[in-house]
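To start, the structure itself, in structure tokens.
The values are calculated or read from the model by the stated rules, or taken from the named source; none is laboratory data. These numbers were taken from a predicted model, which means no experiment stands behind them. For neighbour counting, all protein chains shown are included, and Cβ atoms are generated from backbone atoms with ideal geometry for every residue, glycine included.
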Amino acid sequence: MVIVDDDIALPDLPQARGVAGTLLVHKIAGALADQGGDLAVVTTAARNAIGAMASIGMSLDSCTVPGNAKDNRIPVGKAELGLGIHGEPGVEQVDFCDAAGAVEMVVERLAATIAPGPHVALVNNLGSATALEMSVLVEELIKSRIGDQIRWMIGPAPLMTSLDMRGFSVSLLPVGKAEEMALIAPVACAAWPGCHPVGRIDTWPLPDGLAPIAPMPSRHDGRRALIENCCRVFIDAEDDLNALDLKSGDGDTGSTLATAARALIGALDRLPLADMTQLYRAIGMELSQTMGGSSGVLLAIFFAAAGDASGNGEDTIGALSSALKRVQEVGGAKIGDRTMVDALDPAIDALTGGLREAAVAARKGADATAAIGKAGAGRASYIASANLLGHNDPGAEAVARLFEHLAR
């Protein structure tokens, strides 16, 4: 008989707990047995693995035990480190900030116990972590101080869960050729995710003609200040616009615009600020690469079209008018559809009278969207009228705030 005791959370116990590292023992022992190894060979390999491996887990919540009341012992903003797979309390509660910090705390304890050389990492979902969250944790693990030692990865996957516990565990085992062959040996169990090599991701340049042509940077202090000023408006409005979008969409309009604004500020040194035609096009290209969602595509089209119009001799107002027309052709939105067009169209029309008139027109158009109970385009078109009435469209509100800021 062999006993797995891979949990390093409580090193002073006479008998440590067995956690997800048990699966590594099962896989190695099972592969050897399947290949014809006798009991002595299998037992020796299992004991060698047990003696070399280390595991530790972390969770944001306890599990729900059927028939029992939920134990809400972990407060918001905290995580439990070193907990057991049966819902037992962990060694300590620690402050939780993000995935990088969580992995660093786990790695700090693992690094003190593992030997030099290549290892396999088993990343286990304790039950309720999402696939996206688990993938982020794996990336942080590979980027960590022990990442260079991780040559093989098993998971992330729900391999030894604790019912619905929202957490993860990491098990590390040093591997030689024999362990590698046992771990990658095929197995009939459908739930086994396989053991995959960890290596550098090769990237290849786009073929000629597909790679975007970088513009020639140039200086223009006035335009630089104007762009940064506009970007700050969206950054400052991030939370307000997200709150508005929660009522009619998925709550990310503010974050989408703020992310693009931060990227645009970071790109100022490489923009052709002295050439208005090329500047429009360069902004469109930057937004196409940094701004997510359909709004990113439409704004990239907007600025590209403005660049084309400017290149054909249009002034600023003419270029913006042509750009809006192109976006409407592609997206199909018109005034009354409860989109940013409700504020942008009247604002551009009013620009001949100056920024103050444009700001008034944009605000009037944005506020009018609160009375539109049926959106004709965009994500809000899927939302019931009761959730739309009384709230401005977030895209139109963003346009109005921009023009109001510029008119001051």
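crowded, with 17+ Cβ neighbours inside 10 Å, without any contact (Cβ under 8 Å) to a residue 60 or more places away in the chain and aliphatic (A, V, I, L, M): is that true of residue 389 in this structure? So residue 389 does not fit the description; no. Within the stretch 111-121, the presence of a residue that is under 12 Å from residue 57 (Cα atoms), assigned by TED's automatic domain parsing to the domain that holds residue 171 and either in contact (Cβ under 8 Å) with a residue 24 or more places away in the chain or out of contact with any Pro (no Cβ under 7 Å at 6 or more places or on another chain) (or both) is excluded. Screening residue 195 with (1) farther than 30 Å from residue 150 by Cα; (2) touching a Phe, Trp or Tyr at 6+ places or on another chain (Cβ under 6 Å); (3) at pLDDT 95 or above; (4) of a type in the set (A, V, I, L, M, F, W, C) gives one miss only, at (1). For the stretch 47-59, enumerate the residues that are surrounded by fewer than 21 Cβ atoms within 10 Å (Cβ to Cβ) and in contact (Cβ under 8 Å) with a residue 24 or more places away in the chain. 47, 50, 52, listed by residue number. Within the bounds of the stretch 4-24, is there any residue that is surrounded by fewer than 18 Cβ atoms within 10 Å (Cβ to Cβ), farther than 20 Å from residue 140 by Cα and assigned by TED's automatic domain parsing to the domain that holds residue 162? No, that holds for no residue. Test residue 225 against the criterion of being surrounded by fewer than 17 Cβ atoms within 10 Å (Cβ to Cβ), of a type in the set (Gly, Ala, Ser), farther than 23 Å from residue 19 by Cβ and outside the structural domain of residue 34 (by TED's automatic domain parsing), and give yes or no. Considered against the rule, which asks whether it is surrounded by fewer than 17 Cβ atoms within 10 Å (Cβ to Cβ), of a type in the set (Gly, Ala, Ser), farther than 23 Å from residue 19 by Cβ and outside the structural domain of residue 34 (by TED's automatic domain parsing), residue 225 comes out as yes. Filtered by the rule that a residue be hydrophobic (A, V, I, L, M, F, W, C) and at pLDDT 80 or above, the stretch 84-97 gives 91, 94, 96, 97. Of the residues making up the stretch 33-84, just one is in contact with a strand residue (DSSP E or B) (Cβ under 6 Å, 6 or more places away or on another chain) and among the acidic types (Asp, Glu), namely 80.
Just to be sure before I move on: is residue 41 in the same structural domain as residue 177 (by TED's automatic domain parsing), free of Cβ contacts under 8 Å to residues at least 60 places away in the same chain, surrounded by fewer than 17 Cβ atoms within 10 Å (Cβ to Cβ) and of a type in the set (Val, Ile, Thr) in the structure I sent? Answer is yes for this residue. Here residue 289 meets the list (1) assigned by TED's automatic domain parsing to the domain that holds residue 328; (2) farther than 29 Å from residue 385 by Cβ; (3) at pLDDT 90 or above almost entirely, failing just condition (3). Every condition in (1) out of contact with any helix residue (DSSP H, G or I) (no Cβ under 6 Å at 6 or more places or on another chain); (2) within 27 Å of residue 218 (Cα to Cα); (3) crowded, with 18+ Cβ neighbours inside 10 Å is met by residue 328 except one, and the failing one is (2). Tallying residues that are farther than 19 Å from residue 279 by Cα and more than 17 Å from the chain's Cα centre (by Cα) within the stretch 239-266 yields 10.
Screening the candidates 304, 282, 343 for the property of being without any contact (Cβ under 8 Å) to a residue 40 or more places away in the chain and part of a helix (DSSP H, G or I) yields one hit, 304. Summed over the stretch 63-87, residues that are within 28 Å of the chain's Cα centre (by Cα), crowded, with 16+ Cβ neighbours inside 10 Å, assigned to a loop (DSSP other than H, G, I, E, B) and not β-branched (Val, Ile, Thr) total 3. Select from the stretch 227-272 the residues that are without any contact (Cβ under 8 Å) to a residue 12 or more places away in the chain and farther than 20 Å from residue 396 by Cβ and list them in ascending order. Result: 266, single match. Reported count of residues in the stretch 214-237, each being outside any loop (DSSP other than H, G, I, E, B) and under 18 Å from residue 262 (Cα atoms), is 14.
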